[in-house]
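The block underneath contains the structure these notes are about, expressed in structure tokens.
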Amino acid sequence: MNVVELFTGIGSQAKALSRIANRMNIEVNILKTCEWNIHAILAYHFIHNGSSLPTDIQVLDKNQVLEKLNKFPLSADGKIRINPSSLKFYNEDLLKNIYHAIIANNNLVDITETKGHDIPNETHLLTYSFPCQDLSNVGSFHGYKNGIDRDKNTRSGLLWEVERILEEKVLNNQPLPRYLLLENVTALEAKRHEGNFQQWKEKLEKLGYINKVYRLNSEDFTIPQYRKRLIMLSVYVGDDNSLKDAINNYWIQHDLENREYLKTLNLVKQKLDVFLRRDYSNSVYLQEALEAQPNATNSRLKIWELNSKIVNENDEVNNRVQTITTKQDRHPNSGNLYFDPKNGKSKYRFLTPRECFILMGFDEKDYEILLENNFYTRKNSKFFSRDVLYKLAGNSIVVNVLEAVFEQMVEIDKLYLSKSILVYSSIKDEEHKFI
């Protein structure tokens, strides 16, 4: 399974594919990524590749690394390009690791500069979890109201860059990826955005894809978090009606939104306490809890009163948390835990970044490697700050949900073998051929 991840983030897609690889007997190759946020770039690399730095990069001096990095349009907040001159204030080792992460993961960096020919012809799966800020209710509250309207230059409108890339491949007589995976907020189907989303689905159909739209909640896939997201799996069938019918029949019989079908998967929702780190005899967990404890201000007291109690005053643990977003110190948030070390602060705490990572389906060791390689950007300022770690988790996708969808994708792949095989011809013009 050859994969290209657009809007890569910290790689929940790669994580899900790596988990199903052994049990589904597939080999996963991440051919390219595309991400411009330097925190996500480095977190992805550490989580999926480790932290070793090759000699040819170690020997570079700071000016050489800066010269190389200045060629890339990078961002520190995921919203605007960072001023290249500000990179010089970063730690030299940090800069080397960012550069290595870009090179090692074949990172295309800028989706607007990515061309159709940049997507390898042997790509089976292209994922695109484009930004949701202009679609979500929170984004609308902050004035982001243009959604995915064309030519409005919104972050969510980067969806149309994917359209351009696919069209360029067609114009170049290059094969399209067999599978496309979209993930975003369910507001894509809201009245404000449904016209644009319908236009996107129709475009994919014209290109030869059939689409399956799911609205999946993490609670149904063993993770005790209320997080409902829209996922669309698109499968290239060209004009093969037999293959199209076979895949549509598969989806009817294996509908991940069907409660009765979900029961057949024997997915057991884990208790929330398994994901929480409340063993305060562990000095690391205690320190993280203290850092997530707000001051006893009136506004923070209201946050406790108005939001769900993950753990209440009687030490009773709820059965789930609310949707994990990019920030916890706000209303609404994911919920709060009663916590009173009698230090004069509020008698509760937020979820810690560690707990957020685990509730997004990542392994605790994935979080640990970020802490182990947390460079100082300047005195008393770490690269992976608490705020950054919250954002990395909140912007990600629940891994367990993706596992279920990717398992279906692998099963559908068998239909290609039994009904019609999509062949990438290395002869002549590399057009799609069906046999």
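Structure notes:
- Residues that are at pLDDT below 95, surrounded by fewer than 20 Cβ atoms within 10 Å (Cβ to Cβ), assigned to a strand (DSSP E or B) and in contact with a Pro (Cβ under 6 Å, 6 or more places away or on another chain) do not occur anywhere in region 14-35.
- Among residues of region 358-407, those that are in a helix (DSSP H, G or I) and of a type in the set (Gly, Ala, Ser), counted: 3
- Set side by side, the residues Leu181, Leu188, Leu158 differ, and just one is assigned by TED's automatic domain parsing to the domain that holds Tyr261 and touching a Pro at 6+ places or on another chain (Cβ under 8 Å), which is Leu158.
- Residues located in region 291-346, provided they are touching a residue at least 60 places away in the same chain (Cβ under 8 Å) and of a type in the set (Lys, Arg): Arg320, Lys327
- Per this entry, Leu204 is counted among residues that are of a type in the set (A, V, I, L, M, F, W, C) and in a helix (DSSP H, G or I).
- Scope region 229-246; condition surrounded by fewer than 20 Cβ atoms within 10 Å (Cβ to Cβ) and either in a helix (DSSP H, G or I) or among the hydrophobic types (A, V, I, L, M, F, W, C) (or both); matching residues: Leu230, Asn241, Ser242, Lys244, Asp245, Ala246
- Given (1) surrounded by fewer than 21 Cβ atoms within 10 Å (Cβ to Cβ); (2) among the small types (Gly, Ala, Ser); (3) touching a residue at least 12 places away in the same chain (Cβ under 8 Å), index of the condition Ser385 fails: (3)
- Against the test of being under 27 Å from Asp366 (Cα atoms), free of Cβ contacts under 8 Å to residues at least 24 places away in the same chain and outside the structural domain of Asp118 (by TED's automatic domain parsing), the options Asp56, Asp77 yield a single qualifying residue, Asp56.
The values are calculated or read from the model by the stated rules, or taken from the named source; none is laboratory data. Note that the structure is predicted; figures quoted are calculated from it, not measured. For neighbour counting, all protein chains shown are included, and Cβ atoms are generated from backbone atoms with ideal geometry for every residue, glycine included.
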